[in-house]
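Some notes on the structure that comes next.
The values are calculated or read from the model by the stated rules, or taken from the named source; none is laboratory data. Just so it is clear, the model here is predicted, and its values are computed rather than measured. Positions of Cβ are backbone-derived with ideal geometry, glycine not excepted, and every protein chain shown enters the neighbour counts.
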Amino acid sequence: MPIRRLLTQGDFFGERNVTEATDNRTQPLVPFLKWAGGKRWLTSEYGRVFPATFKNYYEPFLGGAAVYFFLDPPSAVLSDINSELVATYISIRDDWKSVFRFLKEHQRNHDQKYYYRVRDARLMSPHSRAARFLYLNRTCWNGLYRVNLRGQFNVPIGTKQAVILNTDDFEELSKKLRNVVLRACDFEGAIDSASEGDFIFADPPYTAKHNHNGFLKYNHRIFSWADQLRLRDALRRAHDRGCLFALTNAKHRSIADLYKGFPQKTLRRFSVISGEAHGRGRTEELLIRNYST
């Protein structure tokens, strides 16, 4: 576990004169969800962009929680507006064996007809719903989460056949989540609850494919410009309280201007989310922080 200390005001501006934190962590857990915009690439290629020390960890756009599992902090507040996503984490934390039992049943029965029957099912128990969420995530097209106007999941079946993965370790996941606060809520309330010395990692919905055009028009459908402004204001308030924050977002002039005055770094990665080969390739995203490493 990393050695952590409360950061001083000087730490926010790269004025630390301390030895690098000792890190005796074992290999971090692999996220159990495939999530559009997931940050596994960030932790594997840019692991040093995170602060070495902090108090509590906040992640208000939870998704697959790749950064949380990578940092493995002793205390965390993980939240998301997607209540079904948060409920899945809670079910794994509270009774992973029941979730896994349902998941094994999905593995035994998986085929096209079964997929659509489960997709349209209305399940009652929290553990069966969590297993359904996992099953659909692993077998739907590209691991996308999308609902129609009635709130019904409507992603078609994909090509993946594996429901249970060799990286699954639900018992260890349950242990890791025991000291975590899990909340289904809007990002603003979660960020506003962070205190001095806490670290916030914010990864709002966006697409890096709109680096040069169409960002605002596209983003209005998944995370409006008003939401971007609310996020910027919430992070500024957190900065004023003495929190550390790191934000990933689209590499677009409008975003860069929004966070003018904070250090900004271009991150390059290989994009694989597109269903077409020509839509894949190297792409750029923006990392914005109020500290230096």
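Cβ-Cβ distance below 8 Å, separation of 6 or more or different chains: which pairs start in segment 164-189 with a residue that is in the same structural domain as Leu247 (by TED's automatic domain parsing) and more than 24 Å from Leu247 (Cβ to Cβ) and end on one that is assigned to a helix (DSSP H, G or I) and among the acidic types (Asp, Glu)?
none
State all residues of segment 148-164 that are in contact with a helix residue (DSSP H, G or I) (Cβ under 9 Å, 6 or more places away or on another chain) and among the aliphatic types (A, V, I, L, M); if no residue qualifies, say none.
Across segment 148-164, the qualifying residues are Val155, Ile157, Ala162, Val163, Ile164.
When you look at Ser174, is it within 30 Å of Ala52 (Cβ to Cβ) and either assigned to a loop (DSSP other than H, G, I, E, B) or touching a His at 6+ places or on another chain (Cβ under 7 Å) (or both), yes or no?
In short, no.
Just for helices (runs of 4 or more DSSP H) wholly inside segment 39-130: which have at least 2 residues that are surrounded by 16 or more Cβ atoms within 10 Å (Cβ to Cβ) and under 17 Å from the mean Cα position of the chain (by Cα)?
Here the list reads 40-45, 66-71, 83-109.
Out of all the residues in segment 133-151, which are polar (S, T, N, Q) and within 20 Å of His110 (Cα to Cα)?
Passing the criteria: Asn137, Thr139, Asn142.
Kindly indicate whether any position in segment 238-255 is at pLDDT below 95, surrounded by fewer than 18 Cβ atoms within 10 Å (Cβ to Cβ) and assigned to a helix (DSSP H, G or I).
Checked segment 238-255: at least one residue is at pLDDT below 95, surrounded by fewer than 18 Cβ atoms within 10 Å (Cβ to Cβ) and assigned to a helix (DSSP H, G or I).
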